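Peer 1: Following this message is one structure expressed as structure tokens.
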Amino acid sequence: MAQAMLNDSSNNKTVKEHLSMSSPARNFQEKRDYIRMQVDTPATLTLENGETHQMTCIDLSSSGVQLKSNDPITANSKGELKVSSGGGATPALHASVTVCRIQENRPGEYRIGLSIDSFL
């Protein structure tokens, strides 16, 4: 019993609490625990309908990207994302993505969450 009450230091939940979380809640928490890199680099999102949007990538993880945009984008849209690496020997990120979240941060500024479906 004492073993089950050890603290999970990553989110201050006990192991017992973590194990008792429902599967969707646990999956969401695990996704939130991925390492996120804060960046500030140009990105281009080309949607399946042909629209192209110039944005700024503000963070990325192994499964998703957050963008800052002046344009609202329709949730569940699919497209291709290219994120500049800043040059040098590191190639740009190129991925097939789905828009999973959009939030108006302030008038005319949107935060757009994308899930990475596959790397291209």
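Peer 1: Which residues' amide hydrogens lie under 5 Å from the amide hydrogen of Ala92, considering only partners 5 or more residues apart or on another chain, with H built in the peptide plane?
Peer 2: Counting only residues 5 or more places away or on other chains, the set is Ser85.
Peer 1: Now, a different point. For Ser96, what is the net charge nearby, where nearby means another residue's Cβ is under 12 Å from its Cβ and Lys, Arg count +1, Asp, Glu -1?
Peer 2: Taking every Cβ under 12 Å from that of Ser96, the sum is -1.
Peer 1: Let me ask something additional. Please give me, ordered by residue number, the GluC sites (Glu not before Pro) of the range 44-101 that lie in loop per DSSP and have at most 15 other Cβ atoms within 10 Å. Provide the component values of the computation, followed by the final result.
Peer 2: Working: sites: Glu48, Glu51, Glu80; in loops: Glu48, Glu51.
Here the sparse-neighbourhood loop sites are Glu48, Glu51.
Peer 1: Sum up the charges of everything whose Cβ sits under 10 Å from the Cβ of Thr44, counting Lys and Arg as +1 and Asp and Glu as -1, but leave Thr44 out.
Peer 2: Numbers: positive: Lys82; negative: Glu80.
Summing Lys and Arg as +1 and Asp and Glu as -1 gives 0.
Each value in this text was obtained by applying a stated rule to the coordinates, not by laboratory testing. None of these values were measured; they are calculated from a predicted model. Glycine gets a Cβ as well: all are built from the backbone with ideal geometry, and neighbour counts include every protein chain shown.
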